[in-house]
1. (1) touching a Leu at 6+ places or on another chain (Cβ under 8 Å); (2) farther than 16 Å from residue 140 by Cα: which one isn't true of residue 63, the others all being true?
2. Between a residue in segment 12-41 that is at pLDDT 95 or above and surrounded by 12 or more Cβ atoms within 10 Å (Cβ to Cβ) and any residue that is hydroxyl-bearing (Ser, Thr, Tyr) and not in a helix (DSSP H, G or I), which pairs come within a Cβ distance under 9 Å, given they are 6 or more apart or on different chains?
3. Which count do you get for residues in segment 26-52 that are more than 15 Å from residue 65 (Cβ to Cβ) and either in contact with a strand residue (DSSP E or B) (Cβ under 7 Å, 6 or more places away or on another chain) or part of a loop (DSSP other than H, G, I, E, B) (or both)?
4. If you check every pair at least six apart or on different chains, which have Cβ atoms under 7 Å apart with a residue in segment 156-173 that is closer than 14 Å to residue 74 by Cα first and a residue that is β-branched (Val, Ile, Thr) and not in a loop (DSSP other than H, G, I, E, B) second?
5. Which residue out of 138, 148 is surrounded by 13 or more Cβ atoms within 10 Å (Cβ to Cβ) and on the phi < 0 side of the Ramachandran plot?
Amino acid sequence: MSANDTLDNWLAQEREILQRLERGPGPGVARPEQIAGKTGLEQMQAMLNGDIPFAAIAQTLDFLIVEVGDGSAVFQGTPGLHHLNPMGTVHGGWFATLLDSALGCAVHTKMPPVRAYTTAELSVNIVRALTPKVQRVRAIGRVIHCGRQLATAEAQLVGPDGTLYAHATTTCLVFDLHHKPAGGSTT
């Protein structure tokens with residue numbers, strides 16, 4: 001398959017997902033009752049289906065989730081003029097945010113109900129400059145390990161022709177969601 005065919009497929013998938021998201025609740029934060037009892041994978045699938053809100057930062061930075069699976073997540077981004085640094089290439093923060101989203105959501109898919117995670121470490125290696133001439137890129141995240149206390153994942157940022165623009169790793173802390181009353185009292 002050529003880069004043009006791949007880009008055409010990516011754009012078609014993007015249009016389909018955007019239509020689902022537009023019919024859904026839009027950007028925001030899921031209410032507790034919307035995610036109660038759901039695994040992380042079920043939550044991510046509900047977001048992708050437009051059943052629960054998606055993260056507002058996706059609109060701000062012009063990217064969206066396009067695929068989720070057990071231990072994986074794929075985000076697609078549109079590098080634009082508003083993402084450029086003073087040198088005329090896409091800002092490293094855009095790379096990092098797109099990769100962090102794929103990494104974190106890949107880890108999220110491994111969470112059972114009432115378990116959560118937070119990023120403890122993020123390492124990004126930008127290996128090639130990116131300009132808006134590249135119409136779309138994908139951040140493909142995969143879990144390497146998910147244990148009781150730690151999860152690790154890796155991701156690559158690639159263009160439709162397979163060009164690697166960056167790669168990243170993360171270590172996440174995994175924990176139970178036990179909310180204590182305000183003030184720390186347990187009685």
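1. Against the list (1) touching a Leu at 6+ places or on another chain (Cβ under 8 Å); (2) farther than 16 Å from residue 140 by Cα, residue 63 comes up short only on (2).
2. 14/78; 39/109; 40/109; 40/117; 41/109
3. Going residue by residue through segment 26-52, those that are more than 15 Å from residue 65 (Cβ to Cβ) are 29, 31-39.
Filter again for either in contact with a strand residue (DSSP E or B) (Cβ under 7 Å, 6 or more places away or on another chain) or part of a loop (DSSP other than H, G, I, E, B) (or both), leaving 29, 31, 36-39.
The number of residues fulfilling the criteria is 6.
4. From segment 156-173, the pairs are 156/140; 157/137; 158/137; 158/140; 159/137; 160/6; 168/124.
5. Working: 148 fails: surrounded by 13 or more Cβ atoms within 10 Å (Cβ to Cβ).
The conditions single out 138.
The values are calculated or read from the model by the stated rules, or taken from the named source; none is laboratory data. Worth saying up front: this structure is predicted, and the values here are computed from it rather than measured. Every residue, glycine as well, gets a Cβ built from its backbone with ideal geometry; the counts of neighbours run over all protein chains shown.
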